[in-house]
Amino acid sequence: MIVGKTLLFLCLMGTLLAMAPRIGVAGDQPQPSTAEKVLRDTKEAVESTKQYTLQHKETFQKTVQAELAEMQVKIGELQKKTSAASVEARTELHKALQDLERKKEEARKQLDEISHSTSSAWSRLKDNMNAAVDDLRKSYQETVSKLP
């Protein structure tokens, strides 16, 4: 009989403890349902991801802008050096400098696209931008190697 009462007592206590989180004490905030919590957590994760992506995008843009400005200075220096080259070399260097300017402008246009892109589209544009800047660097190195 004592074992039966003890077992009944333990069952009742287990049931009460299991229901305790659902029973609110006066003044307590109601606990959000699991679906509400998942929705809230998902929204927070999405917002955090957007903020991170925006920061990463801004940092990338500043880096590329600085690199393009540096490339503009280097192109200007090359233009000065072409005047010391022979007429034949000058013609070839002039064509190479025009190609550099064209590639630099293409990179600048892609950078403008990135600045106006959504956070979801910018990663695709970032790859294109990196390729354009790499191509510009390579062309610059080739042009420098042609200098006398």
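The values are calculated or read from the model by the stated rules, or taken from the named source; none is laboratory data. Remember, predicted model here, so these are calculated numbers, not experimental data. Note that we place each Cβ from the backbone using ideal geometry, even for glycine, and neighbour counts take in every protein chain shown.
For Ser145, are the conditions met, namely being among the polar types (S, T, N, Q) and surrounded by 14 or more Cβ atoms within 10 Å (Cβ to Cβ)? First the steps, then the outcome.
On the way: among the polar types (S, T, N, Q): yes; surrounded by 14 or more Cβ atoms within 10 Å (Cβ to Cβ): no.
The answer is no for Ser145.
Restricted to the range 63-77, and to residues that are within 25 Å of the chain's Cα centre (by Cα) and of a type in the set (A, V, I, L, M, F, W, C), which residue is nearest to Leu93 (Cα to Cα)?
By that ranking, first place goes to Met71.
Would you pick out the residues in the range 66-83 that are in contact with a Lys or Arg (Cβ under 9 Å, 6 or more places away or on another chain) and not hydroxyl-bearing (Ser, Thr, Tyr)? Talk me through it step by step, then tell me what you get.
Of all residues in the range 66-83, those in contact with a Lys or Arg (Cβ under 9 Å, 6 or more places away or on another chain) come to 67-68, 71-72, 75, 82-83.
Glu67, Leu68, Met71, Gln72, Ile75, listed by residue number.
Applying the selection to the range 78-104, what residues are surrounded by 11 or more Cβ atoms within 10 Å (Cβ to Cβ) and within 30 Å of Phe60 (Cβ to Cβ)?
Leu78, Gln79, Ala96, Leu97, Asp99, Leu100, Glu101, Arg102, Lys103, Lys104
Does the range 110-127 contain any residue that is hydrophobic (A, V, I, L, M, F, W, C), at negative phi, assigned to a helix (DSSP H, G or I) and over 28 Å from the mean Cα position of the chain (by Cα)? I'd like the intermediate steps shown before the answer.
Step one: filter the range 110-127 for residues hydrophobic (A, V, I, L, M, F, W, C), giving 111, 114, 121-122, 125.
Now narrow it down to the ones that are at negative phi: 111, 114, 121-122, 125.
This time we only want the ones that are assigned to a helix (DSSP H, G or I), so: 111, 114, 122, 125.
Then keep just the ones that are over 28 Å from the mean Cα position of the chain (by Cα); that gives none.
No, every residue in the range 110-127 fails to be hydrophobic (A, V, I, L, M, F, W, C), at negative phi, assigned to a helix (DSSP H, G or I) and over 28 Å from the mean Cα position of the chain (by Cα).
Is it true that Asp135 is touching a residue at least 24 places away in the same chain (Cβ under 8 Å), assigned to a helix (DSSP H, G or I) and within 22 Å of the chain's Cα centre (by Cα)? Let's see the steps before the verdict.
Details: touching a residue at least 24 places away in the same chain (Cβ under 8 Å): yes; assigned to a helix (DSSP H, G or I): yes; within 22 Å of the chain's Cα centre (by Cα): yes.
Judged against the criteria, Asp135 is a match.
Can you spot a residue in the range 76-94 that is within 22 Å of Met129 (Cβ to Cβ) and either touching a Leu at 6+ places or on another chain (Cβ under 7 Å) or modelled with pLDDT of 90 or more (or both)?
Restricting attention to the range 76-94, the residues satisfying the condition of being within 22 Å of Met129 (Cβ to Cβ) are none.
There is no residue in the range 76-94 that is within 22 Å of Met129 (Cβ to Cβ) and either touching a Leu at 6+ places or on another chain (Cβ under 7 Å) or modelled with pLDDT of 90 or more (or both).
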